[in-house]
Amino acid sequence: MNFKFVAGLEIHVQLNTKTKMFCSCPTEGLDVPNTRVCPVCLGYPGTLPVINREAVIMAIALGKALNGHINMISRFHRKNYFYPDLPKGYQITQGDVPIIENAVLPLSTGKNIPIKRMHLEEDAAKSVHVSSSGRLAGAQETLLDFNRSGVPLIEIVTDPVFESPEEATLFVEELQATLRYLGISNAQMELGQLRCDVNVSVEVDGKEGTRVEIKNLNSTRSIRQALTYEYNRHVEAYKRGENIITETLAFDEKTGKTRTMRTKQSSADYRYFPEPDLPPLILTEELFEEANRYNGSFLDAYHNALSWTNKEADARTLALNKDQYMLYSSLAEKGFDKKLLNRMILIDLPNILSEVAKTWGDVDKTFLNSILQLQQDGKITPAVAKDLLWQAARGNDPMKYAEEHELLKHENIDIKQIISDVLQQNPDAVEKYKKGNANVIGFLLGQVMKKTKGTVDPNQTRALLEQMLNE
Amino acid sequence: MDDVKTIFSKREANEITFTHLMEETLKELSHDDELHAFLFIRNADELMADAKAADNAWDEGQRKPLLGIPIAIKDNMCVTGLPCTCGSKILEHFVAPYDATAVKKLKDAGAIIVGKTNLDEFAMGSSSENSAFGPTRNPLDKTCSPGGSSGGSAAAVASGMSLLALGSDTGGSVRQPAAFTGTFGFKPSYGAISRYGLVAFASSLDQIGVLAKHPEDVILASSVLFGQDPMDSTSRDIPMAPQPEASNVKRVGIVKEIDSNMLDKDVKHAYDSFINYLSRTYEVVEISIPHWEEALAAYYFIAPAEASSNLSRYDGVRYGTTMEAENYSESIRKTRNLFGEEVKRRILLGSFALSAGYKDALYEKANYLRQWLVFEFDQVFQNVDMVLTPTTPTPPFKLGEIKDPLDLYKADLFTTPANLAYLPAINMPYPFQENKKDLPIGLQFIAPFGEDHKLLSFINELWQGAEEL
Amino acid sequence: MFNISPEILKHLEELAQLELPEGLEEKMLQDLNHILGTFQIISRVEVPPETTTAFSSPLREDEPKSFENASQLLGQSRLQDGLLKVKPVLEEED
């Protein structure tokens, strides 16, 4: 039997507008539950929706960035179903004519992924199911926070075009980066700013397989794991001659397995019809011009990164992390040596940041600038540079620190004097060396380095030390 | 009762005060247990304090368009701090947390809201008998219905419990009760008055309308209420002035498709004789709206379809009455079981019209019909300035007289086309009743979209002309 | 010809989250079918002529405005630590 993986994605992205999709409630400061609400987003009787202009502009920007067909006239529709997190008993979304159709996301690998449609809609409230034994399982109560109710979403839908779990994951990662470079969403999956549902099936000898849906995958790792798990499950079942049933699944991050999820309504019939409270959305030239405010590009970033690092993997890592990339980019503009930059931004700083639990956003660019300048001018050794990087990551001015701790290379440092001091203070070690124990040279070198606070080149110093011991 | 203009000139001459006006209003309001026009009447002390404040404002030289004028609001519009029950058990204890835009404009114009008027539950009905809190009686004959769904507002105006009232009109709910109570009931062009704060029944058909005894008061109130509202995306600016001007109406169309033999004999007589009267001054021509008869069918699919969605928000989760149960699913069903029978009927009909497999044949076809009507009225208004019809096929019916819901739907036969075609329309009482004790008959005029001011000016001319006879 | 069968009525009740009391179902079925029968003329309607609607949804500027009494909108009795309490949704999770 020949098996082929097939998957399609349905992605919900929260736009980072200042207000909600259909009312003026702020989208910031959502941490105190049920405070960013008004009669409109709580679905009070008599209230009406009014479209957020910026959300429309952001959708246009995305449509332009992904080369989509932008419909000059689109409509909002009502999708009717009951659920406690849906205050009006319907969601305002776009039906048969979405704002954008037939777009393309070009992956950094060179492959183009077609996107069927992208449309604007409103988010539902956030619900937490609570039980006495903890969250979710056997929930005895549902708790709702309507701060999220009405936050603008753009839904991105692909046909079943993905040929491997890795490809689907790469798509989500690069879509995420695309949204961030454009500046229309922070797209953080762990914060629910980007949420992913997947349709997956396995073709057997070219024959279409049964499709299952996996809901609410909230990290790219989960996407890859869940898809791999499902692929294997389907393949095993087909090999045993068993069937796969059409169903909706949830993915359990702890076990790495999927499980059946009961659906909201036994027979989904959403009774879509045009939202009578909103006349058609007709786009104007002005909106298109304003959409140019959102113009960053992930692919441009990737190509720049590639020219700096010369390695695809490094370039992708760098470009996928917008903050890291922006830092690199601004330092690269100053003309610093790429080798120094690669070492600092791609290797040392990521490690240090994870050690001190800080993010790229916390790093002071001028500090890095100073360190690189000192390095480039030959005033510090790589060891001191790394030491200073730690200080910078902790928020200390590395220049000041270097001066206070006399870490800078001094032209006039009398290294010979320091070595002879060390030799005089450690007669035992010198004795041992003379008796043929070459190992003590490491100890003596350490003493010298300590006195010079590492500001001298260790290889040169070692040579000089040996020379003086042999005199 | 005087019109607002007369009240203001008497106030200017110090012949009356707003306090006197309110005292008289309160006297009338105290008889409301007989009519049950109101579901909620504001506290008398509060009302007197408001009237006193209006007097002070007047004395200080303030001249607002509706200063000190008592007004009643149908209980499906939000007034901050007042109940808004929509005549339904499901909102029995609901208090509105905000003002409808129309209400806010009335307050800003100095009007005094006296209370909230009775209605068919969620404005679904033509008799005001579908209120969960008991029917309203017709002040002209207490055994009769005042019509509906704005029956409470019509009864309040007809009985002098308020000078003006707001109603809502989805398929005739302002015009039909006006016809049944001998008052003026005006449904503006769709979008002329903001719907923000009007509890939705069928959003694409709903319009807030004005009820009054005098056409000039309708014009005045409309000039306060009209205007695009940033809170209602379907609202728009439609010209309206506080006074009437020469209408320049020359040709009036009468609809060929209305078979006058189908009318009740009193209605037929009034309609025929008024056509006769009109033709002395105006050119009366027969016009055709080929889809006229099907309009009611379109209405009875579109309105319930939208209603089935609009009423989904009543789940007992965030506000209103909540019926306790073990789980959400049971709780919501128990809560929604509080809807009355007519509301349930329309929700089910509307759900059917939108459901998979039937939507194309019902909801979509109903919208085709609607587009035909828009097109046909457009054609007609190339030829005539106004269209005249009876407002209702019958005079006021007795309370409890109509049992079959479909028979009641037919009360909307002549009023729904204006809603479907977004057009302004008004009920004018037939002015030539031979016996003043006879129950009123209503005449409806429909105008082209946006020509609301022309329509009201024309009605004012007709009314003054008829009174002079 | 449209006809609502008892099964369809059940489905509609499910869609609308309405539960008709025993006695009402029969009557409702009759009423609805009577209405449908009367209004079935609708199925004869032909495609209407194109009418152009130039009216567009107005767009709102993205300027935050908090509702004054936001925290009072949801009654205190419905809240638990600021979150709105609802009876469990049995259908969704295992």
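The values are calculated or read from the model by the stated rules, or taken from the named source; none is laboratory data. Predicted, not measured: the structure shown is a model, and the values here were computed from it. With ideal geometry, Cβ positions are generated from the backbone for all residues, glycine too; neighbour counts draw on all protein chains shown.
Remarks
- Elements of the type helices (runs of 4 or more DSSP H) sitting completely within the stretch A:393-469 and holding at least 1 residues that are closer than 26 Å to A:Lys379 by Cβ: these cover A:398-404, A:415-425, A:440-452, A:458-469.
- Restricting attention to the stretch B:196-232 and to residues that are hydroxyl-bearing (Ser, Thr, Tyr) and under 25 Å from A:Pro274 (Cβ atoms), the residue that is farthest from the other protein chains (Cβ to nearest Cβ) turns out to be B:Tyr196.
- Residue check for A:Asn80: touching a Gly at 6+ places or on another chain (Cβ under 6 Å), in contact (Cβ under 8 Å) with a residue 12 or more places away in the chain and at the interface with another protein chain (Cβ under 7 Å from one of its Cβ atoms): no
- Conditions (1) within 22 Å of B:Arg137 (Cα to Cα); (2) within 14 Å of another protein chain (Cβ to nearest Cβ); number of the one not met by B:Asp264: (2)
- Residues that are charged (D, E, K, R) and either under 31 Å from the mean Cα position of the chain (by Cα) or within 21 Å of A:Pro276 (Cβ to Cβ) (or both) within the stretch B:330-363 comprise B:Arg336, B:Glu341, B:Glu342, B:Lys344, B:Arg345, B:Arg346, B:Lys359, B:Asp360, listed in sequence order.
- Flag for A:Leu30 being within 13 Å of another protein chain (Cβ to nearest Cβ), farther than 30 Å from A:Glu166 by Cα and more than 28 Å from the chain's Cα centre (by Cα): no
- For the stretch B:76-84, the criterion of being within 14 Å of another protein chain (Cβ to nearest Cβ), of a type in the set (S, T, N, Q), in contact with a Cys (Cβ under 8 Å, 6 or more places away or on another chain) and buried (at least 21 other Cβ atoms within 10 Å of the Cβ) is satisfied by at least one residue.
- Among the residues examined, C:Ile8 qualifies as within 14 Å of chain A (Cβ to nearest Cβ), surrounded by 12 or more Cβ atoms within 10 Å (Cβ to Cβ) and farther than 30 Å from B:Glu324 by Cβ.
- Output for the stretch B:126-146, where each listed residue is outside any loop (DSSP other than H, G, I, E, B) and in contact with a Gly (Cβ under 9 Å, 6 or more places away or on another chain): B:Asn138
- Pair list, Cβ under 7 Å, 6 or more apart: the stretch B:242-264 residue within 20 Å of B:Arg280 (Cβ to Cβ) and in contact (Cβ under 8 Å) with a residue 40 or more places away in the chain, other residue acidic (Asp, Glu) and exposed (fewer than 13 other Cβ atoms within 10 Å of the Cβ): B:Ile254/B:Glu286
- Considering the stretch A:207-248, and only residues there that are more than 12 Å from A:Ala7 (Cα to Cα) and in a strand (DSSP E or B), the residue that is nearest to the chain's Cα centre (by Cα) turns out to be A:Leu217.
- Top-ranked residue of the stretch A:372-403 - restricted to ones that are under 32 Å from the mean Cα position of the chain (by Cα) and among the basic types (Lys, Arg), ranked as surrounded by the most Cβ atoms within 10 Å (Cβ to Cβ): A:Lys386
- Going through (1) within 14 Å of chain C (Cβ to nearest Cβ); (2) not in a loop (DSSP other than H, G, I, E, B) one by one, B:Ala356 falls short only on (2).
Residue-wise test of (1) of a type outside the set (Asp, Glu); (2) farther than 30 Å from A:Met72 by Cβ; (3) surrounded by 20 or more Cβ atoms within 10 Å (Cβ to Cβ); (4) more than 14 Å from chain C (Cβ to nearest Cβ).
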residue: A:Arg180; (1), (2), (3), (4): yes, no, yes, yes
residue: A:Leu191; (1), (2), (3), (4): yes, yes, no, yes
residue: A:Val200; (1), (2), (3), (4): yes, yes, yes, yes
residue: A:Gly209; (1), (2), (3), (4): yes, yes, yes, yes
residue: A:Leu249; (1), (2), (3), (4): yes, yes, yes, no
residue: A:Thr260; (1), (2), (3), (4): yes, yes, no, no
residue: A:Phe273; (1), (2), (3), (4): yes, no, yes, no
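- Residue in the stretch B:431-442 that is more than 27 Å from B:Lys265 (Cα to Cα) and modelled with pLDDT of 95 or more present: no
- Selection from the stretch B:360-380 of residues that are facing another protein chain (nearest Cβ under 7 Å) and either at pLDDT 95 or above or surrounded by 17 or more Cβ atoms within 10 Å (Cβ to Cβ) (or both): B:Leu362, B:Tyr363, B:Lys365, B:Ala366, B:Tyr368, B:Leu369, B:Gln371, B:Trp372, B:Val374, B:Phe375
- Lone qualifier among C:Ile8, C:Ile42 - being out of contact with any Leu (no Cβ under 7 Å at 6 or more places or on another chain) and assigned to a helix (DSSP H, G or I): C:Ile8
- Within the stretch C:39-61, residues that are away from chain A (no Cβ under 11 Å) have Cβ atoms under 6 Å from residues that are part of a loop (DSSP other than H, G, I, E, B) and not hydroxyl-bearing (Ser, Thr, Tyr) in these pairs: C:Ile41/B:Glu294, counting only partners at least 6 apart in sequence or on another chain.
- A count restricted to the stretch B:336-346 and to residues that are more than 11 Å from chain A (Cβ to nearest Cβ) and part of a helix (DSSP H, G or I) stands at 6.
- For the stretch A:42-85, the set of residues classified as part of a loop (DSSP other than H, G, I, E, B) and under 29 Å from the mean Cα position of the chain (by Cα) consists of A:Leu66, A:Asn67, A:Gly68, A:Asp85, listed by residue number.
- Residue within the stretch B:421-443 that is surrounded by 22 or more Cβ atoms within 10 Å (Cβ to Cβ) and without any contact (Cβ under 8 Å) to a residue 60 or more places away in the chain present: yes
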